[in-house]
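Contents: one structure, followed by commentary.
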Ligand SMILES: [Zn+2]
């Protein structure tokens, strides 16, 4: 018989997928699962998390890695009231003031904490990923949307759950309308979805953002223009953040970061060209990929115990 390990359940509830894992105090993963987010998740999020964790415990036992659940961390997007354990507002998941901590804790019977997916992801990058040893950092996942989180003086900035909405920094007031009510936000110019939309508007061809990057590298003039505009918008937002906060590390995550040098090389050059007196930040790809939020949920759960 294998020894029974103490674990926390780490659950990242995203707009399209739930990623969940059982994680030991040394951040070993005993079992993990990714499932589609149910359409009616707001109806009973406690039951959804409970079913996911029950499945994980069964998988761990099947693989002779028996686990004893001692805590749970749940991370969600949008505005999060971490003190009350409530999802305050999520455009993508369609909830307002949704209690999460209490229903999950009562069904699982273990202490439960609720956090923000991107702030938790940054916490995980500081412990397990590309921000290890950093005192100040901007974590900027660029995917379907654009989010961010800040590490300043060694602490992840929360500001009542409202910090880091860099995706809604207005870059071009004459730009496209954004779902937030403004026009020309970073998110509607430089997200993967925005890049795909802009390239399709110019060419009539629907291709993924990564392919726009490849076409830009190959000299396609439309792809080059769209990519350069996105890079310039990201550089402007990064330099604004560096100027205000003094961060010296910028970690690019999310799907767009998978483009690697095609994104980071021009972005480094564009950021450098905009700096005058500011300390030049190091720009790097985040290390934990799409597991950052889930591992961050584990960090929050272990910290709370
Ligand atoms: Zn906006």
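Residue under question is residue 205, and the condition is that it be out of contact with any strand residue (DSSP E or B) (no Cβ under 9 Å at 6 or more places or on another chain), in a loop (DSSP other than H, G, I, E, B), more than 25 Å from residue 165 (Cβ to Cβ) and without any contact (Cβ under 8 Å) to a residue 24 or more places away in the chain; does it hold? Lay out the reasoning, then the answer.
On the way: out of contact with any strand residue (DSSP E or B) (no Cβ under 9 Å at 6 or more places or on another chain): yes; in a loop (DSSP other than H, G, I, E, B): yes; more than 25 Å from residue 165 (Cβ to Cβ): yes; without any contact (Cβ under 8 Å) to a residue 24 or more places away in the chain: yes.
Spelling it out, residue 205 is indeed out of contact with any strand residue (DSSP E or B) (no Cβ under 9 Å at 6 or more places or on another chain), in a loop (DSSP other than H, G, I, E, B), more than 25 Å from residue 165 (Cβ to Cβ) and without any contact (Cβ under 8 Å) to a residue 24 or more places away in the chain.
Considered as a group, the residues in the range 166-181 that are assigned to a loop (DSSP other than H, G, I, E, B) and surrounded by 15 or more Cβ atoms within 10 Å (Cβ to Cβ) include one that is nearest to the ligand (Cβ to nearest atom), and that residue is 178. Over 24 Å from residue 288 (Cα atoms), in contact with a helix residue (DSSP H, G or I) (Cβ under 9 Å, 6 or more places away or on another chain) and assigned to a strand (DSSP E or B) - does that describe any residue in the range 16-24? No, the range 16-24 has no match at all.
Given the options 220, 265, name the one that is closer than 17 Å to residue 142 by Cα, away from the ligand (no atom under 16 Å from the Cβ) and without any contact (Cβ under 8 Å) to a residue 40 or more places away in the chain.
On the way: 220 fails: closer than 17 Å to residue 142 by Cα.
So the residue among 220, 265 that is closer than 17 Å to residue 142 by Cα, away from the ligand (no atom under 16 Å from the Cβ) and without any contact (Cβ under 8 Å) to a residue 40 or more places away in the chain is 265.
How many residues are touching a helix residue (DSSP H, G or I) at 6+ places or on another chain (Cβ under 6 Å) and at pLDDT 95 or above if we restrict to the range 77-91? Residues flagged as touching a helix residue (DSSP H, G or I) at 6+ places or on another chain (Cβ under 6 Å) and at pLDDT 95 or above within the range 77-91 amount to 1.
Let's see how each residue does on (1) part of a helix (DSSP H, G or I); (2) at pLDDT 95 or above:
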{"position": "224", "(1), (2)": "yes, yes"}
{"position": "230", "(1), (2)": "yes, yes"}
{"position": "233", "(1), (2)": "yes, yes"}
{"position": "247", "(1), (2)": "no, yes"}
{"position": "256", "(1), (2)": "yes, no"}
{"position": "268", "(1), (2)": "yes, yes"}
{"position": "271", "(1), (2)": "yes, yes"}
{"position": "278", "(1), (2)": "no, yes"}
{"position": "296", "(1), (2)": "yes, yes"}
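Quick grid of which residues meet (1) farther than 20 Å from residue 28 by Cα; (2) free of Cβ contacts under 8 Å to residues at least 12 places away in the same chain; (3) surrounded by fewer than 19 Cβ atoms within 10 Å (Cβ to Cβ):
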site	(1), (2), (3)
58	no, yes, yes
61	no, yes, yes
66	no, no, yes
91	yes, no, yes
101	yes, no, no
105	yes, no, no
119	yes, no, no
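A single entry from 132, 96 fulfils the requirement of being part of a loop (DSSP other than H, G, I, E, B) and surrounded by fewer than 19 Cβ atoms within 10 Å (Cβ to Cβ): 132. Which residues, counting only those in the range 144-165, are near the ligand (Cβ under 10 Å from one of its atoms) and outside any loop (DSSP other than H, G, I, E, B)? 146 - this is the single residue of the range 144-165 that is near the ligand (Cβ under 10 Å from one of its atoms) and outside any loop (DSSP other than H, G, I, E, B). State the number of residues belonging to the range 182-201 that are away from the ligand (no atom under 12 Å from the Cβ) and more than 22 Å from the chain's Cα centre (by Cα). Result for the range 182-201: 4.
The values are calculated or read from the model by the stated rules, or taken from the named source; none is laboratory data. Nothing here was measured: the structure is a model prediction, and the numbers come from that model. Don't worry about glycine lacking a Cβ; one is built from the backbone with ideal geometry, like all the others, and counts go over all protein chains shown.
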